[in-house]
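To start, the structure under review is shown below, and the notes come after it.
Nothing in this text is a laboratory measurement; each read-out follows from the coordinates by a stated rule. In this text, all values refer to a predicted model and were calculated from it rather than measured experimentally. Counting neighbours? That spans all protein chains shown, and the Cβs are built from the backbone with ideal geometry, glycine included.
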Amino acid sequence: MTAVVLQELTAEPALEVGCRLGEGPVWDERAQELYFVDIMGERVHGWRPAERAHRSFPVGRPVGAAVLREDGGLVLAAHDAFFLVEADGSGLRPFGAVSIDAKSVRFNDGKVDPWGRFVAGTMDWEHKNPVASLYMLSGDGSVNTLLEDVVISNGLAWPADGRTLYYIDTPRLSLDAFDLDPETGKLSGRRVIAEFTDDAHPDGMAIDDEGYLWVALWGGSRVERIDPATGRRLATIHLPTSHVSSVAFGGPHLDDLFITTAKEDLPPALLAAEPHAGDLFVARPGVSGPPPHRFKLA
């Protein structure tokens, strides 16, 4: 058997933004703009690399995820509700009805699935109790619960055929896969496809055009490329900061890997040693990723 050679890569700073908790990058290939959120900074950021143009707008509550709409604008999973908003931050308005105990949980990571539905999960404020869930928001405003007994709902990805969900509940220290019913979104057949150690917690995730997964490791100062069929690590991207939170493919050819980071929970000594904590990074891994799916209003 031929040994697998681990590819070692590095990321470079793309935007000095200093997020408390940078998360959820998503590339708008139409506008050539990257959106990402600062969850605890309660802002949505936009970054156009070609123009080196950065903007942001406040949301007024912790914002776990921002995703693209097919008709333009964004959908947010923020604190305990879903919202529609225009790309410039105007017209923020609630959408859909979901019952969430905001004293116990808040929205965290979320993405649009291959059928145009927004899948977003919550997380326990205390980071230890299985009181969170994974939800699916449809274009008519209806909300279904896909998974319960979650602690910190995080990375999501779908392969090209859309019949598997790759999923991360961070404290489980695993990357899991579910069989997925395209009509209902119902999940079944949960299995572990990769495991992690307690010093590097799996967080956000992206899939590339070859079907491999790129997983950000909170506390691990790196992103790992993982073969979902075997769990093998194929590549590592090293960053000069500890809290690496999420990844997304973007750029003109969708072959730039944008990486969000955070300074949340870093002790003062580490903050001083990691001046780029909370900044946006970019790596060029030599592979492209698919454009993101867009939410479809009914």
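General remarks:
- A full extension of the chain between Glu16 and Asp198 corresponds to an added length of 62.7 nm, given 0.36 nm per residue minus the alpha carbon distance.
- Lysine pairs meeting the criterion (Cα under 29 Å, 8 or more apart or interchain), as found in the chain: 11
- Nitroxide proxy distance, nm - points 7 Å out along Cα→Cβ at Trp125 and Glu29: 4.1
- Qualifying GluC sites (Glu not before Pro) for the stretch 147-199 [loop in DSSP, other Cβ within 10 Å: at most 13]: Glu183
- With a Förster radius of 35 Å applied to the beta-carbon distance between Leu173 and Ala269, the computed FRET efficiency rounds to 0.85.
- Dipole magnitude of the chain about its Cα centre (Cβ charges: Lys, Arg +1; Asp, Glu -1), debye to nearest 20: 260
- Highest to lowest packing among 166-174, 105-113, scored as the average C-beta count within 10 Å: 105-113, 166-174
- Calculated FRET efficiency for the pair Thr230/Asp181, C-beta based, R₀ 22 Å, to 0.05: 0.30
- Each residue of the stretch 58-70 is assigned a 3J(HN,Hα), and the resulting list reads x, 10, x, 6, x, 10, x, 7, 10, 10, 7, 9, 4 Hz, derived from the Karplus form 6.51 cos²θ - 1.76 cosθ + 1.60 (θ = phi - 60°), x at Gly and Pro.
- If you plug the beta carbon distance of Arg55 and Ala97 into 1/(1 + (r/R0)^6) with R0 = 45 Å, you get a FRET efficiency near 0.90.
- Summed over all non-identical Cα pairs, the Kirkwood treatment of the chain gives a radius of 18.7 Å.
- The equivalent ellipsoid that matches the C-alpha gyration tensor of the stretch 74-139 spans semi-axes of 21, 14, 10 angstrom, in descending order.
- Euclidean distance of C-alpha centroids, the stretch 219-298 and the stretch 127-176, integer Å: 19
- Fully extending the segment from Asp140 to His253 would add 37.4 nm, taking 0.36 nm per residue of separation and subtracting the current Cα-Cα distance.
- DSSP-defined beta bridges in the chain - what % are antiparallel, rounded to 5: 95
- Mean Cβ neighbour count within 10 Å, used as a protection proxy, ranking 197-204, 138-145 highest first: 197-204, 138-145
- The trypsin sites (Lys or Arg not before Pro) of the stretch 1-95 that DSSP puts in a loop, and whose beta carbon has at most 12 other beta carbons within 10 Å, are Arg30, Arg52.
- Whether the stretch 8-81 is rounded, prolate or oblate, judged on the alpha carbon gyration tensor where a/c under 1.5 counts as rounded: oblate
- In the chain, the DSSP-assigned H stretches of four residues or longer account for a calculated mean residue ellipticity at 222 nm of -500 deg cm²/dmol, using -39500 (n - 2.57) per stretch and the full residue count as denominator.
- For the stretch 146-152, Karplus couplings with θ = phi - 60° (6.51, -1.76, 1.60), whole Hz, Gly/Pro x: 9, 7, 10, 6, 9, 9, 10
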